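Shown next, in structure tokens, is the structure this report addresses.
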Amino acid sequence: MPDYRRRTAREAMSVRLDVNGLMGEAIGAAGVGREEVDALAPRVSEVGRVLKARRSAGELPFYELPYEKDAVARVRALAAEVRGECDTLVVLGIGGSALGTRAIISALGPTAPRIIVADHVDPWSFGAVLDGLDLKRTTFNVISKSGETIETMAQFLIVRDLLLRSLGAVDYTKRVIITTDADQGALRQIVYDEGFRDLALPAGLSGRFSVLSSVGLLPAAVAGIKIDEMLAGAAWIDVRCQEADIWKNPGHLLGALLYLADTRHQQNILVMMPYSDRLTGFAAWFAQLWAESLAKAETLDGYPAFVGQTPLVAVGAKGQHSLLQLLMEGPVDKVVGMLRVEDHGRELPIASAYADLDSLGYLGGTGLGALLNRQQRATELSLLKGQRPVFTLALPQLNAFTLGQLFYLFEVAVVFAGGLYRVDPFNQPGIEVSKRLTYALMGRKGFDEARAEVDALLAAKRPEYIV
Ligand code: PA5
């Protein structure tokens with residue numbers, strides 16, 4: 001096992017960002033010019049200075065998550081209890097309260113106990129999850145920062161009723177752990193009233209920046225994942241992301257180049273392409289982070305913004321057989337971000353046969369991992385050759401240390417890009433309307449005005465357009 005206290009071990013397991021394919025030298029007019037980066041230097045310094053000051057003032061808690069020793073000790077102790085009590089941990093949560101855990105488990109699992117992330121209110125999928133559980137050997141981790149998200153609360157009410165009926169009023173509380181805000185919200189009140197075990201989330205931590213808090217760490221620790229190594233990875237890239245020189249700072253460089261690609265080159269779609277099935281959960285986590293953090297109608301000072309790149313996910317070699325045609329020959333409005341794992345930790349040798357057939361014979365004696373990585377390289381180079389923007393993040397291996405780096409790197413990059421766009425990356429005002437209208441449709445008290453809006457919007461639909 002590498003000892004990440006040693007710098008050589010950290011260096012050897014560093015995630016490397018290659019931005020050649022974003023630059024004009026490689027892809028001509030579609031690329032960012034060196035002079036564009038130079039011209040942005042004053043803004044880069046200003047954003048860096050503001051973020052540093054806000055971090056020092058304790059306003060941006062996600063930066064400090066790799067160093068929260070007390071919170072990690074509490075997670076570890078609770079995880080040890082839970083590991084002895086259950087075979088399955090079911091996470092009830094949605095958005096930022098679920099996607100990070102799914103990313104961790106899909107990258108580093110399968111695990112025992114098994115972790116199920118139930119992040120939807122589809123009665124079929126959630127019903128199927130519940131049908132398959134032994135309730136006496138299952139723990140539910142209800143995760144909601146606000147403590148009142150409609151989907152999570154609906155799931156919680158169903159589970160609570162099921163547990164009460166199956167286990168009785170005394171034992172059911174032992175099957176639920178609540179992760180929520182330290183002081184506010186309905187779930188916090190419920191913890192006080194009913195005595196569930198709980199974990200508290202720091203004030204000011206948005207869901208999509210919470211994967212390295214108890215939100216992601218408890219399920220990971222229950223699963224037996226080395227959370228210390230994940231946090232050490234995040235701390236390591238934090239050091240690299242504090243470099244003043246942008247060309248040595250992977251987080252700021254990525255944020256700045258993607259901002260320039262979007263705002264100066266109209267590349268407003270960002271396709272995340274992991275060449276590893278185990279990183280599909282990470283790509284989904286990234287898509288939420290990029291979309292919710294940057295897409296804003298207003299700048300911080302109240303001017304119209306309407307900015308944000310649209311994230312898409314296309315998985316490795318499979319994506320070559322669906323989206324690659326579009327990426328190569330469609331509009332030059334996309335940046336492709338590739339995730340490459342040098343050592344997959346497992347190789348499946350390809351057997352030698354049909355030596356006389358040129359179209360098959362060359363495959364024998366190699367392996368699937370080698371094939372996958374060469375496909376990544378070939379696709380990256382074909383994008384370069386076609387003058388299409390592409391960057392690559394290479395992971396020496398996919399493990400807790402490198403995954404921690406990836407999470408933290410993209411969080412730093414998106415916050416830095418948010419500074420350049422002059423938007424608030426930590427809010428999501430655009431989703432409030434839908435929440436209000438849902439409450440109205442569900443008959444929640446105090447939403448009569450929203451109910452009237454729903455009725456007016458439905459009445460305005462023209463029947464001739466419904467065929
Ligand atoms: O990133 C965010 O803040 C959101 O995606 C939230 O995580 C999501 O809406 C769930 O919110 P909560 O944790 O309050 O239930």
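The values are calculated or read from the model by the stated rules, or taken from the named source; none is laboratory data. Predicted, not measured: the structure shown is a model, and the values here were computed from it. Note that we place each Cβ from the backbone using ideal geometry, even for glycine, and neighbour counts take in every protein chain shown. Protein only, heavy atoms only, side chains kept; ligands, DNA and RNA dropped before computing areas. Shrake-Rupley method; radii C 1.70, N 1.55, O 1.52, S 1.80 Å.
Over the range 1-153, with the other protein chains present, what is the accessible area per residue in square angstrom, probe 1.4 angstrom?
Value returned for the range 1-153: 49 Å² of accessible area per residue.
Could you tell me the extents of the range 61-226's C-alpha atoms along the three principal axes, largest first, rounded to whole Å?
Rounded to whole Å, the extents work out to 42, 34, 29 Å.
Run the accessible area of the chain with a 1.4 Å probe and give the carbon-and-sulfur part as a rounded percent.
On the chain, the fraction of accessible area on carbon and sulfur atoms equals 56 percent.
In terms of modelled amide H atoms, which long-range or inter-chain residues lie less than 5 Å from the amide H of residue 423?
It is 300, by chain and number.
Please list 3J(HN,Hα) in residue order for the range 342-352, calculated via the Karplus relation 6.51 cos²θ - 1.76 cosθ + 1.60 where θ = phi - 60°; whole Hz, with x for glycine and proline.
Along the range 342-352, the couplings run 4, 10, 6, x, 7, 10, 10, x, 9, 5, 7 Hz.
State to the nearest 20 debye the size of the charge dipole of the chain about its Cα centre, where the only charges are +1 on K and R beta carbons and -1 on D and E beta carbons.
520 debye
Using modelled backbone amide H atoms (1.01 Å from N, in-plane), which distant-in-sequence or interchain residues come within less than 5 Å of residue 140's amide H?
Hits under the 5 Å cutoff: 90, 176, 177.
Would you calculate a helix-derived [θ] at 222 nm for the chain, using -39,500 (n - 2.57) for each DSSP H run of n ≥ 4 and dividing by the full residue count, to the nearest 500?
Taken over the chain, the calculation gives -15000 deg cm²/dmol.
Please list, in chain and number order, the residues 5+ apart from residue 199 or on another chain whose amide H is under 5 Å from its amide H, with Hs placed from the backbone.
Here the answer is 178, 179, 180, since their amide H atoms fall under 5 Å of that of residue 199.
Using a 10 Å Cβ count of at most 16 others and DSSP loop calls, identify the longest part of the chain lacking such trypsin sites (Lys or Arg not before Pro).
7-345
List the aspartates and glutamates whose Cα lies under 12 Å from the Cα of residue 435, skipping any in the same chain that are fewer than 8 positions away.
Within the straight-line cut-off, residue 435 pairs with 148, 151.
Under 8 Å for C-alpha pairs, at least 6 residues apart: give me the relative contact order for the chain, rounded to a whole percent.
After rounding, I find 21 percent.
Among 334/461; 226/296; 52/296, which pairs are too far apart, with a Cα-Cα distance over 25 Å? Show your work: numbers first, answer last.
Values: 334/461 35 Å; 226/296 36 Å; 52/296 23 Å.
Over 25 Å apart, Cα to Cα: 334/461; 226/296.
In the chain, which helices (entire DSSP H runs) extend 30 Å or more along their own long axis, judged by Cα positions, while averaging at least -0.5 on the Kyte-Doolittle scale?
In the chain, the long hydrophobic H runs are 400-421.
Under 19 Å between alpha carbons, and skipping anything fewer than 8 positions from residue 136 in its own chain: which lysines qualify?
Leaving aside lysines fewer than 8 places away in the same chain, those within reach of residue 136 are 174.
Compute the longest continuous run of the chain that contains no exposed chymotrypsin sites (Phe, Trp or Tyr not before Pro); treat a site as exposed when its DSSP state is not H, G, I, E or B and it has at most 14 other Cβ atoms within 10 Å. Present the calculation step by step, with values, prior to reporting the outcome.
Values: sites that count: 354, 362.
No qualifying site falls inside 1-353, the longest such stretch.
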